[in-house]
Structures are given as C-alpha cells and as structure tokens.
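The values are calculated or read from the model by the stated rules, or taken from the named source; none is laboratory data. Treat the numbers as computed from the prediction; the structure is a model and nothing was measured. Neighbour counts are summed over all protein chains in view; Cβ atoms, including those assigned to glycine, are modelled from backbone coordinates with ideal geometry. The protein model used for the area step is the full one, side chains on, heavy atoms only, and it has no ligands, DNA or RNA in it. Shrake-Rupley method; radii C 1.70, N 1.55, O 1.52, S 1.80 Å.
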Amino acid sequence: NAGVTQTPKFQVLKTGQSMTLQCAQDMNHEYMSWYRQDPGMGLRLIHYSVGAGITDQGEVPNGYNVSRSTTEDFPLRLLSAAPSQTSVYFCASSKLAGRTYEQYFGPGTRLTVT
Amino acid sequence: DAKTTQPPSMDCAEGRAANLPCNHSTISGNEYVYWYRQIHSQGPQYIIHGLKNNETNEMASLIITEDRKSSTLILPHATLRDTAVYYCIVRAITSGTYKYIFGTGTRLKVLA
C-alpha cells in the first residue's frame, strides 16, 4: 500500500490564483480530512469527509472547497489564493469502523502565496 | 468539544523515561484520548489511544486518571529519534460524525 499520497510537494502561487491540492489513499478508509499547519503552530482542521458524497467544515474552512466523489480521493481547492494561506497542508485518512482507528497522514504540501 | 492543555516544551535525557502530561478536564464519557507525534516537518504519526484503561504498545504507554481529566504518555527509554512535537487529542463527536482537534502540543527534546 502507498498509504496517503499528496501532490504536489511544493507549490508557489500568486495572490488570486486558484489551485487544487490532491490527496489519495489506497486503504479503503471512509474518513478523510485536510489540515493546515502554520509555522510553529499545531494542525488546524479545514474540512473533513466521512464517505463519498459527504463533507463537512472544520475549524478554518473559509477560502477552501472540498468534494469527495470517490472513497480514494479528497481534493482541496483554493478558490482565490491569499498570502494568509501560506502554510503546510496535510491530508489524513482513517477507518470509521469501531470508531477508534488512528489517522494516517500524508507527507504534506508546502504552499507559498506571494 | 473537549480541549487539551499540554506544556509547550520538555527535555529528557537519552535512555530515561519521558513522561508527557495532558489535561483534558472537559472530556466526555465516550471520547477517546489519542496521542500523535510529529518529527520535524513530517506528517503526524499515531502513537497510542485509550478510553479509560491504561494502554501499552510497542511505542509507548498511556496512563489515564480514574476521573479521565488527565493523562500521561510514557516513552519508557527515550532516544534521540524521539525528539518531536507530541500532540494529545480528544476525539470530538459532532452530529454523529467525527473530527480531530489538534492543540499546539509539547515539544520534546531528548538530550544525549
């Protein structure tokens, strides 16, 4: 299993540009989520999904959209990039069966908005 | 959602036990306590979780107080590779779905 994969690893955007961060998992996990981590800070939840077709907002959803058309993929869209969105973005997945399973994290995407 | 409070940083001598405390005084009866760690800027890594009994696995032990208002993660023989930020998380349940709220964690430095 590849686990959780994220692309790209690095990205530089100009203010106002849009882009999609990709996240995929091959573990048949129902739960997927996106976090952002600013320098020296903990992780903050952006959006999450408990299955295909179901998404919900986390702590900091503004400026981001998500969709979940398949179990495997959970892309994060930045609608109009702003310098405040400069951060490292982590995708994670887990099972929901038994509701005690740990999350598996991807390697992260480092985004800089100029 | 239950919040957690952790000391911002701790040092531990290599080979000694590292005891990382976490306060979660508002935890609900059906909420689990999870511990993760983040080495440098990698994605966080799961360590252990528990509900009310003490737990042990190959990485660490988790001690939860009887009133469940606090817990301690124990790394029995810390090594330099255990230098990381350790996060204590209470798994929140909202409207039948589940989400994880991370705090700022404890930065553990293992000293040679």
The stretch B:29-39, residues that are in a strand (DSSP E or B) and either of a type in the set (V, I, T) or open to solvent by 50 Å² or more (accessible area, probe 1.4 Å) (or both) = B:V33
message = Can you tell me how many residues within the stretch B:17-28 are within 14 Å of chain A (Cβ to nearest Cβ) and either open to solvent by 20 Å² or more (accessible area, probe 1.4 Å) or at pLDDT below 95 (or both)?
response = 1
key: Near pairs, Cβ below 6 angstrom, 6+ apart or cross-chain, from the stretch B:7-29 (within 13 Å of B:L73 (Cα to Cα)) to any residue that is in a loop (DSSP other than H, G, I, E, B) and not polar (S, T, N, Q)   = B:A17/B:P76; B:A18/B:A78
ask   = Would the stretch B:79-101 turn up any residue that is touching a residue at least 12 places away in the same chain (Cβ under 8 Å), open to solvent by less than 10 Å² (accessible area, probe 1.4 Å), under 23 Å from A:W34 (Cα atoms) and in contact with a helix residue (DSSP H, G or I) (Cβ under 9 Å, 6 or more places away or on another chain)?
value = yes
query = When B:R107 is evaluated against the numbered criteria (1) within 11 Å of chain A (Cβ to nearest Cβ); (2) at pLDDT 95 or above; (3) not in a strand (DSSP E or B), which criterion, by number, is the only one it fails?
reply = (3)
note = Checked against (1) within 11 Å of chain B (Cβ to nearest Cβ); (2) open to solvent by 20 Å² or more (accessible area, probe 1.4 Å); (3) of a type in the set (S, T, N, Q); (4) touching a residue at least 24 places away in the same chain (Cβ under 8 Å), A:S94 satisfies every condition except (2)
Pick from the stretch B:40-61, criterion within 13 Å of chain A (Cβ to nearest Cβ) and not in a loop (DSSP other than H, G, I, E, B), ranking: farthest from A:P107 (Cα to Cα) = B:E55
remark   = Within the stretch A:1-57, residues being more than 18 Å from B:K99 (Cα to Cα), of a type in the set (D, E, K, R) and within 13 Å of chain B (Cβ to nearest Cβ) number 2
ask   = Looking at the stretch B:1-16, which of its residues are among the hydrophobic types (A, V, I, L, M, F, W, C) and either in contact with a helix residue (DSSP H, G or I) (Cβ under 6 Å, 6 or more places away or on another chain) or surrounded by 13 or more Cβ atoms within 10 Å (Cβ to Cβ) (or both)?
value = B:A2, B:M10, B:C12
Residue within the stretch A:32-51 that is open to solvent by less than 70 Å² (accessible area, probe 1.4 Å) and more than 26 Å from B:Y36 (Cβ to Cβ) present = no
